[in-house]
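To keep things clear, I will list the structure first and then write my remarks on it.
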Amino acid sequence: MEASNPSVLPFSSELFAFRLQKSLRTRDISGGKLIHSLIIKSGLHLGVFLMNMGCFNNAIGMFVKMISDNVPITQFMITNVLASCAAIGALDVGKKVHSFVAKHGLSSYVSVANSLPNMYAKSGDSSLKPDKFTLASVLSACGNLEKLELGRQIHAQIIRNASDTSVSVGNALISMYAKSGGVEIARKILLHRGSSRLNVIAFTALLDGYIKLGDVKPARQIFDSASVSNALITMYAKGGSISSAKQVYNLMQQKRNPVSWTSMIIALAQHGLGEEAIELFESMLTLSVKPDHITFVGVLSGCTHVGWVEQGRKYYNLMRNVHKIEPTLSHYACMIDLFVRAGLLQEAFDFIQSMPIEPDVIAWGSLLSSCKVHKNVDMAKVAAERLLIIDPGNSGAYSALANLYSACGKWEDAARIRKSMKVKGIRNTVHVFGVEDGTHPQKDAIYKMMEKIWKEIKKMGFIPNTESVFLKALTLAVLL
């Protein structure tokens, strides 16, 4: 018996390789499956020992056979098969493996993500480069696993290939080094790239990295930087934590610059705290801090949220006449929004007509939406026509006009608009998450967020309008 030979263990890699090759030559599928089950039970990996023996073609052949037999494929198998393709220059096979990887969502594994460019490069095709999403994902994985050396290699590859060093990749690099023990390198990257594009994850990882080292001073220096604090205000506000943004702003005290004031005003306005935003702006003017065009976007947005039309006009004129700042499309959009929310449709229309630059889709779309709320058919026609001149395929314009006609009892006009959409091939694109949808991987988070949103809008006095749904059904009946 082979088992009695002390030089060959019953569950050795060499024995399995020999048996698998024999099964392959004799096309003994059942015997191969039996050996495969023993390999799994003994903890040995198929690709590793076939590759160590130089059986690259056999490794690829076995991989293909496993797929045809519906054997579950792991990231380790993919890594070794890609290495086999690289060793023998099997580019066509490697591309097919890459397609398999993409189809089954295996590219997020660090080992697979690294093996793919290696395979292409060694197979004579170095044109394929990982995009910013792949790089950010792989670097994030390295950070979470504290794989510093692997992260360094990926960083080196980014530099060598002049790959995309976008905001997401830069933040992923900082996080990876900070989490993996390379906190000083993370800080150098931060200093080189600047702190204005730092996100919460990267900043937290950097601070945590210094705290773990017991070196609080550099962490404090980073936090004390006005540019970092400004970035933190924006990050916390965008992340939904206005209280944290306020805390950062309050801690800055003497370090505040115009950007600090502007960041906080914008943050307050974005969270619907218009009165606080305007109060802060008035304090800013009292201290003779000069506002810029971005500051006024926040101020006008704040006026919109609290419905202060006269204040909005005042600040708009202040911007133009005192601070000599020419309005941009953002300022115009804020003023139009201010008027239409207050029901001042004619004033909004006159304002749009007086604009020295061509009104965009947002301007006309805002007016059209308000016309629907106030059932102003004549003005809605004009807004829709102007909007469709700019964007002929805008399904929202057709739908808004048709719904308005329906709400006013103009069934034939509504039917004509919907028929026109059908003739022109214009369709509404809707992304659906259905009631009791149990298939979405983030369904729990979605339901939780929807519950939160629903509570908030009910607090604001929102009452759902189901009239359009009923009227649309009647319109369809007319069409039929």
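A few notes on this one:
- Test for Lys255: is it among the basic types (Lys, Arg) and either in contact with a Leu (Cβ under 6 Å, 6 or more places away or on another chain) or within 22 Å of Thr328 (Cα to Cα) (or both): no
- All told, Met62 meets the bar of being at pLDDT 70 or above, more than 29 Å from Ser137 (Cα to Cα) and buried (at least 17 other Cβ atoms within 10 Å of the Cβ).
- Against the test of being surrounded by fewer than 14 Cβ atoms within 10 Å (Cβ to Cβ) and modelled with pLDDT of 90 or more, the options Ser283, Ser243, Ser263 yield a single qualifying residue, Ser283.
- Selected residue [out of contact with any Cys (no Cβ under 9 Å at 6 or more places or on another chain), modelled with pLDDT under 80 and not small (Gly, Ala, Ser)] from Ile73, Ile78, Ile88: Ile73
Yes or no, residue by residue, for (1) at pLDDT below 75; (2) outside any helix (DSSP H, G or I); (3) of a type in the set (Gly, Ala, Ser):
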position	(1), (2), (3)
Ala178	no, no, yes
Glu184	no, no, no
Ile189	no, no, no
Leu207	no, no, no
Tyr210	no, no, no
Pro218	yes, no, no
Ser227	yes, no, yes
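- When region 286-308 is limited to residues that are in a helix (DSSP H, G or I) and open to solvent by less than 20 Å² (accessible area, probe 1.4 Å), the one that is farthest from Gln254 (Cα to Cα) turns out to be Thr304.
- Residue in region 300-309 that is in contact (Cβ under 8 Å) with a residue 12 or more places away in the chain, on the phi > 0 side of the Ramachandran plot and out of contact with any Ser or Thr (no Cβ under 8 Å at 6 or more places or on another chain) present: yes
- Of all residues in region 144-155 being open to solvent by less than 40 Å² (accessible area, probe 1.4 Å) and either hydroxyl-bearing (Ser, Thr, Tyr) or over 13 Å from Ile189 (Cβ atoms) (or both), the one that is farthest from the chain's Cα centre (by Cα): Leu148
- In region 152-172 there is at least one residue matching the filter, namely being over 25 Å from Gly94 (Cβ atoms) and modelled with pLDDT under 70.
The values are calculated or read from the model by the stated rules, or taken from the named source; none is laboratory data. None of the values given here were measured: they were computed from a predicted structure. Cβ sites come from the backbone with ideal geometry, for glycine too, and all protein chains shown count toward neighbours. Calculation scope for accessible area: heavy atoms of the full protein, side chains included, ligands and nucleic acids excluded. Shrake-Rupley method; radii C 1.70, N 1.55, O 1.52, S 1.80 Å.
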